[in-house]
Amino acid sequence: MEVDPATPDPAAQHAVRRLLLPRETRMVSKGDFERAWKQGSRARGDVLLVIASPNSAGCARLGLSIGKKVWKDAVGRNRVRRVFREAFRMTRQDLPAGFDYILVAAAPKLKPTLGPTSRELARLGPKAVARFEKKRDETPGPQ
RNA sequence: UGAGGAGUCCAGGCGGCCGCUCUGCUGCAAGGCAGGGAGGAAAGUCCGGGCUCCACGGGUCAAGGUGGUUGCUAACGGCAACCGAUCGCGAGAUCAGGGAAAGUGCCACAGAAAACAAACCGCCGGGGCCGCGAGGCCACGGUAAGGGUGAAACGGUGCGGUAAGAGCGCACCGCGGGCCUGGUGACAGGUUCGGCAGGGCAAACCCCACCUGGAGAAAGACCAAAUAGGGAAGGCUCACGGCGAUGACCCGCGCCAUGCCUUCCGGGUAGGUCGUUCGAGGCCGGCCGCGAGGUCGGUCCCAGAGAAAUGGUCGCCACCCCUCGCGGGGUACAGAACCCGGCUUACAGGACUCCUCACGCC
RNA sequence: GGCCCCAUCGUCUAGCCCGGCCUAGGACACCAGGUUUUCAUCCUGGCGACAGGGGUUCGAAUCCCCUUGGGGUCA
């Protein structure tokens, strides 16, 4: 479960360091989500609940979970999901690599804006990772 | 000018920067370039089809749906035109709009009576009794005009008629049957006969006519780790029977428990690929049809994701609201998940066409 | 994405199939009053609902249609 420094970030390979969000930086499989929900560490803010869980991809990956309790109609959920996605795109370079981040809306009827969401993600992401490292140090499992 | 009716359409526009996804081209690769990228309802899932799998030989009976006529359509519970009823001065609108003389059932309360008809208060006749009298009482008979009840009481109004009345007679209206005419038809018009045939409810059971096999893309097809080990086919043995088929049953049909022998290797989870977007397709024009629509020619390729793209941000303009102004705020309902034809529901604001009524002027 | 159910006082329910006797019944809860020295128990009374909108019918909680809100199920 260690982050392999030999595995480069796909997005970081660009000649110009633009803020891309290719497919490799998103959580895809059902198993990854279940592991994160089960073992990940959480950090909660005003608009976001961040769940961090280590992965073997060597980069920071995004997972979104916008339930029907946030907005009952699909338009409202899409709005929340897109703002979260954009915030992750802008902030991804500053987050610890080698972790999956599931973003959950912190409150129902949420109307997020890009700036505060990005700032909160930049604060909560490292916090959740730090919590995970602490938990792993305290209970050294077989791994 | 004002008030209103019907229908069709749009769903803010342009630009900069940063992203996502699909297709094509290019490149050893990283990548680059070009093009496409939510809706009229994508929604509810109320109908109808395509498509896929299962069942598929016949019969009987269910169950469900539809309900004026003629058309349109792949089909429909949709649409068009027409007919009828009701509403509106009108343009028009609404209608699950077959059958109650096949049968069953229900019609609370009130009322004499709620459906083979009968008669509470009455009205009338002659008779008997009482009373000086006006009149009252009793039984019998005639009657259903009037009263009252109700949502609904065995045609309505008027005149004649009568003891009082009554389609008893007459006129008009309504109704029913026959015939004629027009129409493909629903039906309409005319004519003649009948004095009235005897309430409502079938979105109560039901009858009639017509329609419907079951499931649904999580349908289904293919590739295929790890792990676990098994499965399939044929033959023999054997009978009372049992089992199976997507509404039920019957006939017909198919299969076989157990044991033994022989032959073969397949099934399938995680995951992946296909199904998956060229289609009852869009646009333009000609012709046919009152119309829904049909047909011919040209032209275009116009979302295809998959923990799920179609976005974020900034500027200018347009419209609306607040404000003296500077300025500020707002721009609906709503997000594809196999596709299509409809219906229904939600919706800021706006554009266009046709029509009706009232008033004024020429 | 598909399919299938449900909705009645604050809560659990009866009535719906077969419409009227429904001003919708019962239990628990709540509020008064009584009993008791007080509390509990018990007795009496009260408050309180047909999810919303149309239609059929003389009449709808009940029949039909639409909407809304819950729930189940299929990988």
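The values are calculated or read from the model by the stated rules, or taken from the named source; none is laboratory data. Model, not experiment: these values are computed from the prediction. Positions of Cβ are backbone-derived with ideal geometry, glycine not excepted, and every protein chain shown enters the neighbour counts.
Number of residues in segment A:96-115 that are under 19 Å from residue A:56 (Cα atoms), away from RNA strand B (no atom under 12 Å from the Cβ) and among the hydrophobic types (A, V, I, L, M, F, W, C): the value is 2.
Filtering segment A:8-28 for residues that are more than 7 Å from RNA strand B (Cβ to nearest atom), under 28 Å from residue A:136 (Cβ atoms) and at pLDDT 90 or above leaves an empty set. Looking at the structure I just gave you, is residue A:21 more than 25 Å from residue A:132 (Cα to Cα), in contact (Cβ under 8 Å) with a residue 40 or more places away in the chain and part of a loop (DSSP other than H, G, I, E, B)? No. Here residue A:77 fulfils each of the conditions (1) within 16 Å of residue A:53 (Cα to Cα); (2) in contact with a Lys or Arg (Cβ under 9 Å, 6 or more places away or on another chain); (3) free of Cβ contacts under 8 Å to residues at least 60 places away in the same chain apart from (1). Inside segment A:29-76, residues that are surrounded by fewer than 18 Cβ atoms within 10 Å (Cβ to Cβ) and within 13 Å of RNA strand B (Cβ to nearest atom) make up a count of 15.
Looking at segment A:31-143, the strands (runs of 3 or more DSSP E) lying wholly inside it that each contain 1 or more residues that are under 19 Å from residue A:21 (Cβ atoms) sit at A:48-54, A:61-65, A:99-105.
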